[in-house]
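Novice: Structure in structure tokens, see below.
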Amino acid sequence: AGENNVKEAYSEMQVPLVKDMPWVQALDLNAAARLTDYSTSGTVVTWKGGISYQPIPSVRFRSALSRDIRAPTLDQEFAGASVLSQTITDPHTLTQASFFEVTRGNPTLKPEIASTVTAGAVFTPSAVPNFSMSLDYYDIAVSDVITTLSDTQELNECELSNGTSPVCATVIRPFPFSDHSPDNTLTSIITEPINLAKLSQSGLDYDASYILPAAAIWTHWAGTLKFRLIANTLFHQTTTAAPGALPLDSAGCCDNPKFSGDLSVDYDKGPLGVGMLARGFNGFARSNVFVYANYAHEPGVVYLDAHVQYEFGQDRNYQVFVNVTNLLNKQPPLLPSVNSNVNLVANTDPTMYDLMGTYFTMGLRVRF
């Protein structure tokens, strides 16, 4: 059991610097600050500063710099302890050790802290009415990332630091670290979340939309067509599990495809709406550490969804709808087990692939 009380105070402002000048349609400064006090970890200050520059009506540039946080969850702080009896080769005494592994929460956790830089542009060309596109680059660096090391990682991290790493406090021995005799073999290891890792990530976000009369495609059509693309290109996602550890880049690996996106097409005519959505990602490696035969790659996939909706009533405040997910009933790929590079196991990646196949959702919405 545990609790965390949070108090916050914040302020935001937008300051127009220049307006309606040659080559400066608008130049605005925006800023925000927030003071957050956690009863468990103390006070932290976050902030953001940004600028928006519109040289001509059809182009706007924007950029921002911010300091961000993610607070630990109540489970990470207060999870109850569980104990298992384990055996391992102790690198400190070079003996086989039987010990107790104690898994628990850590009430001394601090918020993760990130520095974020974004820069992008929005295009609304007058030559193509109802078209807009934005491109935004982002670069995020997170310190004090909350992570939980394995028994082996904790032992190795402590040994590599010669007993100076904070991790050494979780390795319990009867005598000081300087004693390498068999009598100082570990008795227990506390496995708990700690602020230890680092994470950095950068990429590019795309968002484009276009609205046009259906008659522009076929003169006999009435109504409106809407197209929208939302996509991301991941440049890198690098994790350093502990100080001095080898950084591992998971972009294009480990459930982090380098490209993912959604493309939707919607047709509206009065009370009737019909739409299709294509969503998918490209293939990626299954591990950035180990390579197994028949295990190294997860294929990319594209799913098609569809929906139909109809509004009725005097004020069109009733709507019936039917949604179809995975319209083509695309099945997930069968992937070998991580523990086997020979036998194909009826297994897949539930995080990335649709396991259910085609399914329907039908309903009625009422607006009062």
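The values are calculated or read from the model by the stated rules, or taken from the named source; none is laboratory data. What you see is a predicted model; the values in this text were computed from it and never measured. Cβ coordinates were reconstructed from backbone atoms using ideal geometry, including for glycine residues, and neighbour counts include every protein chain displayed. Surface areas here come from the heavy atoms of the whole protein model, side chains and all, with no ligands, DNA or RNA. Shrake-Rupley method; radii C 1.70, N 1.55, O 1.52, S 1.80 Å.
Novice: Tell me, what is the FRET efficiency for residue 287 and residue 183 to the nearest 0.05, using R0 = 35 angstrom and their Cβ-Cβ distance as r?
Specialist: Taking R0 as 35 Å, the efficiency between residue 287 and residue 183 is 0.35.
Novice: While we're looking at this one, here's another question. Sort 212-223, 324-335 for me by packing, meaning the mean count of neighbouring Cβ atoms within 10 Å per residue, highest on top. Display every interim value, and only then the final one.
Specialist: Values: 212-223: 10.9, 324-335: 15.2.
Result, highest mean Cβ count within 10 Å first: 324-335, 212-223.
Novice: For the chain, what relative contact order do you get, as a whole percent, if you take Cα pairs closer than 8 Å and at least 6 residues apart? Intermediate results must be reported in sequence, preceding the final value.
Specialist: On the way: 891 pairs, mean separation 33.1, N = 368.
This gives 9 percent for the chain.
Novice: Compute the accessible area per residue over the chain, keeping the other protein chains in place, probe 1.4 Å, unit Å².
Specialist: With the other protein chains kept in place, the chain gives 58 Å² per residue.
Novice: Tell me the label-point distance for the pair residue 221, residue 30, using the 7 Å Cα-to-Cβ offset, in nm and rounded to one decimal.
Specialist: Placing both labels 7 Å along Cα→Cβ, they lie 3.4 nm apart.
Novice: Whole Å is fine, so just give me how far the alpha carbon centre of the stretch 175-207 lies from that of the stretch 308-331.
Specialist: The distance from the Cα centre of the stretch 175-207 to that of the stretch 308-331 comes to 50 Å.
Novice: May I ask for the angle, rounded to the nearest 10°, between helix 151-160 and the longest principal axis of the chain, with both axes built from Cα atoms and the value confined to 0 to 90°?
Specialist: Taking Cα atoms only, the helix is inclined about 70 degrees.
Novice: Carbon and sulfur atoms: what percent of the 1.4 Å accessible area of the chain do they account for? Intermediate values should be presented prior to the final figure.
Specialist: Details: 12780 of 21220 Å².
The C+S portion of the solvent-accessible surface of the chain is 60 percent.
Novice: Then there is this: Which value in nm describes the separation of the simple spin-label points at residue 314 and residue 356, placed 7 Å from the Cα toward the beta carbon?
Specialist: According to this spin-label approximation, the distance is 3.8 nm.
Novice: Oh, and also: Calculate for the chain the 222 nm mean residue ellipticity that helices alone would give, adding -39,500 (n - 2.57) per DSSP H run of length 4 or more and normalising by residue count, nearest 500 deg cm²/dmol. Walk me through the numbers before you get to the answer.
Specialist: Numbers: 2 runs with 15 residues, N = 368.
Result for the chain: -1000 deg cm²/dmol, rounded to the nearest 500.
Novice: I would also like to ask the following. Each label point is 7 Å from the Cα along the Cα-to-Cβ direction; what then is the distance between the points at residue 43 and residue 255, in nm?
Specialist: 3.8
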